[in-house]
1. Out of everything in segment 1-45 that is among the charged types (D, E, K, R) and in contact with a Gly (Cβ under 8 Å, 6 or more places away or on another chain), what residue ends up being least open to solvent (accessible area, probe 1.4 Å)?
2. Taking only pairs six or more apart or across chains, which ones have beta-carbon atoms under 8 Å, a first residue in segment 10-37 that is in contact (Cβ under 8 Å) with a residue 24 or more places away in the chain and more than 25 Å from residue 55 (Cβ to Cβ), and a second residue that is open to solvent by 40 Å² or more (accessible area, probe 1.4 Å) and not in a strand (DSSP E or B)?
3. Does segment 67-79 contain at least one residue that is in contact with a Gly (Cβ under 6 Å, 6 or more places away or on another chain), open to solvent by 60 Å² or more (accessible area, probe 1.4 Å) and outside any strand (DSSP E or B)?
4. Given (1) open to solvent by 70 Å² or more (accessible area, probe 1.4 Å); (2) in a strand (DSSP E or B), where does residue 53 come up short, assuming only one miss?
5. I'd like the full set of residues that are closer than 26 Å to residue 56 by Cα, in contact with a strand residue (DSSP E or B) (Cβ under 7 Å, 6 or more places away or on another chain) and in a strand (DSSP E or B), limited to segment 1-22.
6. Are any residues in segment 80-120 over 23 Å from residue 27 (Cα atoms) and open to solvent by 80 Å² or more (accessible area, probe 1.4 Å), and if so, which ones?
7. Go through (1) more than 16 Å from the chain's Cα centre (by Cα); (2) closer than 20 Å to residue 10 by Cα; (3) not acidic (Asp, Glu) for residue 120 and report which single condition fails.
8. For residue 63, which of the numbered conditions (1) open to solvent by 60 Å² or more (accessible area, probe 1.4 Å); (2) under 17 Å from the mean Cα position of the chain (by Cα) fails to hold?
Amino acid sequence: MELVYEGFKHIQLSASWYHSLDAEGSYYELALRHEKTVRKDLTLSSSLTAGLNNGYVSDGHSGIDHIQARVNLAYHPWSQMELFTYLSYSQAIHRDAEKYSDDADLRNYAWGGIGATYRF
């Protein structure tokens, strides 16, 4: 489930909730996103997201586990098509792999990508 507030110009606040019946836990994401139209066919956006574990990652620590920053550039050659590229960085928070085995996968890392979307 996701709740989004778009009451500010160019800024969007969102809260997402994921629940696992198998793990009997939830995961939450809180995000702040900014979007700017550079040109009619070019959009630049950035976001800052915090992730919180509450039993969703069954043997990971509870509470905030990461902060993620992302920058996205999207080109719209026509209304149905979007070409995009992005860069992201995730910073681990309160990692304790000795106490929680699933925290071993929690680490700092950067990644990026390119993609295309076509709407029929």
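The values are calculated or read from the model by the stated rules, or taken from the named source; none is laboratory data. In this text, all values refer to a predicted model and were calculated from it rather than measured experimentally. Every residue, glycine as well, gets a Cβ built from its backbone with ideal geometry; the counts of neighbours run over all protein chains shown. These accessible areas exclude ligands, DNA and RNA; they are computed on the full protein's heavy atoms, side chains included. Shrake-Rupley method; radii C 1.70, N 1.55, O 1.52, S 1.80 Å.
1. Our first condition is that a residue be among the charged types (D, E, K, R); within segment 1-45, this holds for 2, 6, 9, 22, 24, 29, 33, 35-36, 39-41.
Then keep just the ones that are in contact with a Gly (Cβ under 8 Å, 6 or more places away or on another chain); that gives 24, 29.
Details: 24: 152, 29: 54 Å².
Filtering first and then ranking leaves 29.
2. Within 8 Å, the pairs are 34/10; 35/10; 36/10.
3. Here is the first cut: in segment 67-79, the ones in contact with a Gly (Cβ under 6 Å, 6 or more places away or on another chain) are none.
No; the residues of segment 67-79 include none that is in contact with a Gly (Cβ under 6 Å, 6 or more places away or on another chain), open to solvent by 60 Å² or more (accessible area, probe 1.4 Å) and outside any strand (DSSP E or B).
4. Just one mismatch for residue 53, condition (1).
5. Selection gives 2, 3, 4, 5, 12, 13, 14, 15, 16, 17, 18, 19.
6. Start the filter on segment 80-120 by keeping residues that are over 23 Å from residue 27 (Cα atoms), which leaves 80-87, 112-120.
Selection gives 87, 114, 118, 119, 120.
7. Tallying (1) more than 16 Å from the chain's Cα centre (by Cα); (2) closer than 20 Å to residue 10 by Cα; (3) not acidic (Asp, Glu), residue 120 fails exactly one: (2).
8. Every listed condition holds for residue 63 apart from (1).
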